[in-house]
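Taking it in order: structure first as structure tokens, then the write-up.
What follows draws every value from the coordinates through simple rules; no lab data is involved. Quick caveat, the model's predicted, so the values are computed rather than measured. FYI the Cβ positions are ideal-geometry reconstructions off the backbone, even for glycines, and counts take in every protein chain you see.
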Amino acid sequence: MSRRATYKFRLYIADEAYNSTQALANLNAMCRENLPGHHEIEIVDVFRQPKRALEDCVFMTPTLIKLAPHPVRRIVGTLSQKSIVLQTLGLPPAKTEVLAE
């Protein structure tokens, strides 16, 4: 019996900006649907932790970084184009194309 890898994500947001809340909602929905029980999400608010954003070379929000499994990937935006996000993260395509916009 093989164990599924745990996907680790870090999402950089800008407080409660519309694009940031949409990205978080889309990421949560995608993880519930495609990675139930196999994901961890860390949220970093660039207003509260600006040095952390600079250390990770994050200059735009929202920015999603997939930390594990390798390879590391970055996606900027609201994550609303689900098929593109899934492809970039190395996950199989889902049935619906667009999440919350």
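For residue 23, the conditions (1) within 12 Å of residue 77 (Cα to Cα); (2) over 11 Å from the mean Cα position of the chain (by Cα); (3) small (Gly, Ala, Ser) are fulfilled apart from (2). Of all the residues in segment 64-85, those that are under 14 Å from residue 29 (Cβ atoms), touching a residue at least 40 places away in the same chain (Cβ under 8 Å) and over 10 Å from the mean Cα position of the chain (by Cα) number 2.
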